[in-house]
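Contents: one structure, followed by commentary.
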Amino acid sequence: MPSVKPLVAIVGRPNVGKSTFFNKIAGQRIAIVEDIPGVTRDRIYADAEWTGRKFTMIDTGGIDPRSDDVLLGQMRRQAEIAMELAQVICFFTDGRTGLTPDDMEIANLLRRTHKPVILVVNKVDHMGLEAEAYDFYQLGLGDPFTISATNMLGLGDLLDEIVKRLPAASGEDEDQDEAHEIQLAVVGRPNVGKSSIVNRLLGQERTMVSNIPGTTRDAIDTSFTDPEGRSYNIIDTAGIRRKRVIEDESLERYSVLRSIGAIRRCDVALLVLDAAEGVTEQDTKIAGMIHDEGKAAIVIMNKWDTVEKDTGTLEEKKKEVLDDLKFMDYATVLFTSALTGQRIHTILNAVQEAWTQASRRVTTGALNDVLGDAQMALQPPVTGGRKLKIYYATQQSVCPPHFVLFVNQEELMHFSYQRYLENQIRKAFGFQGTPIRFTLREKTREEAR
């Protein structure tokens, strides 16, 4: 199986500098953050890489253990979910304020998680404050790391410690196990029929079902085997709501966290939409999460029974969906009704095909033949008198298929030409239902030879 980036949760009291640290990591290019064209998303997490290890940082609201305020209670719940999902927890405290009773209560909460906890004393801007950090040994969480997120002091040592605490990386190039239990994440807005589809799949296709405790309280895992003996684990998540008013912000954030966790650990994501409503802004946002994670995707237009139909309605609707989700035009689109059972039987076959395509490898020879023909048919772009040269390419990994192109200059590769190459690869090899990733590496002609 391909490796999954581990999660690092940033938790602590309000106003201890958690978001300042998060924004420094995300905004100063220490972090690698990918933006999906046309997709807006709450920035509650950021992908990062340090000394060759990739991980994801989750920003959380402040934990106030003593408050009965509803909003603060929601923020606390969001932080708890982040801790449930995370492999490493960074506990932020305030070096200027010093140790507080709330810090002690949060430390007790963290000990019960049995997760690796890194104690961070923030806002240590000068040597005089370092002595204050000794008080934090009372928390019993080991040596504190003194930093100043605002002034970017001590961040390297902290990132070194984070990487040291991460679980061992699994290889990306392991062979796929024929008996692999395919992980399905069912995601979407509320009331689009996610749970009804899950119940249809389990009720009609089931030969063996067992409940597995989920990694979060609100994501339900169920393992089952279809009549053909193929194994699945289906993850039914709470719907991701559109943020309407500020009181809903924390609820929105931790519902997004739950779905991110489900998408992260899935092989294939089932994005369920309401066929009568079409693609909404929130649907686009969730699709962006799936695409960003490089997951195979199936778009399910549910409640198809409620749509008035005429000749060609299905094809017209399919075109509308793929036009609205331009960055995910590789996805398989199905039109179903969980209420009547219409086309529910097609879902698992589509899942198997998407998984097969995402796991597909092509030989270096065949790949370079296709790219050679593509360049003959449409010459690479010329910029400033210099022409892009693609010496050769190879497939680096699967899930999603990842290709490395060796070129003379990276900046000569225009987005439109890369898209053209992607389309030629898809035309030759398929890859229906899965995104494709490209990495460009510069080489001289002599090195390429």
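The values are calculated or read from the model by the stated rules, or taken from the named source; none is laboratory data. Bear in mind that the values here come from a model prediction, so they are computed numbers and not experimental data. Because the Cβ atoms are built from the backbone with ideal geometry, glycine has one as well, and the counts that use them run over all protein chains shown.
Looking only at region 81-119, count how many residues are buried (at least 19 other Cβ atoms within 10 Å of the Cβ) and without any contact (Cβ under 8 Å) to a residue 40 or more places away in the chain.
3
From the residues in region 302-335 that are in a loop (DSSP other than H, G, I, E, B) and without any contact (Cβ under 8 Å) to a residue 60 or more places away in the chain, which one is farthest from Arg189 (Cα to Cα)?
Within region 302-335, the match that is farthest from Arg189 (Cα to Cα) is Thr311.
Could we say that Gln357 is under 30 Å from Glu228 (Cβ atoms), part of a strand (DSSP E or B) and modelled with pLDDT of 95 or more here?
no
Could you go through region 373-396 and let me know if any residue there is within 20 Å of Glu353 (Cβ to Cβ) and modelled with pLDDT of 95 or more.
Yes, region 373-396 has at least one match.
Please go through region 7-23 and give me each residue that is crowded, with 19+ Cβ neighbours inside 10 Å and either touching a Ser or Thr at 6+ places or on another chain (Cβ under 8 Å) or at pLDDT below 50 (or both), ordered by number.
If the condition is that a residue be crowded, with 19+ Cβ neighbours inside 10 Å and either touching a Ser or Thr at 6+ places or on another chain (Cβ under 8 Å) or at pLDDT below 50 (or both), then Leu7, Val8, Ala9, Ile10, Val11, Gly12, Arg13, Val16, Gly17, Lys18 are the ones that fit.
Counting only residues that are under 15 Å from the mean Cα position of the chain (by Cα) and surrounded by 21 or more Cβ atoms within 10 Å (Cβ to Cβ), how many does region 294-342 have?
4
For Val382, only one of the following conditions fails: (1) farther than 30 Å from Arg200 by Cβ; (2) under 25 Å from the mean Cα position of the chain (by Cα); (3) not small (Gly, Ala, Ser). What is its number?
Failing condition for Val382: (2).
Does region 382-389 include one or more residues that are of a type in the set (A, V, I, L, M) and crowded, with 19+ Cβ neighbours inside 10 Å?
yes
How do the helices (runs of 4 or more DSSP H) wholly within region 106-205 filter down when requiring 1 or more residues that are within 30 Å of Ala296 (Cα to Cα), at pLDDT below 90 and touching an Asp or Glu at 6+ places or on another chain (Cβ under 8 Å): which remain?
194-205
Could you list all residues from region 328-340 that are small (Gly, Ala, Ser) and under 12 Å from Gly193 (Cβ atoms)?
Across region 328-340, the qualifying residues are Ser337, Ala338.
Condition first: under 20 Å from Ile344 (Cβ atoms), at pLDDT 55 or above, among the aliphatic types (A, V, I, L, M) and touching a Lys or Arg at 6+ places or on another chain (Cβ under 8 Å). Can you find one or more residues in region 209-232 that meet it?
Scanning region 209-232, I find no residue that is under 20 Å from Ile344 (Cβ atoms), at pLDDT 55 or above, among the aliphatic types (A, V, I, L, M) and touching a Lys or Arg at 6+ places or on another chain (Cβ under 8 Å), so the answer is no.
Can you pull out every residue in region 59-101 that is polar (S, T, N, Q) and modelled with pLDDT under 70?
Ser67, Gln74, Gln78
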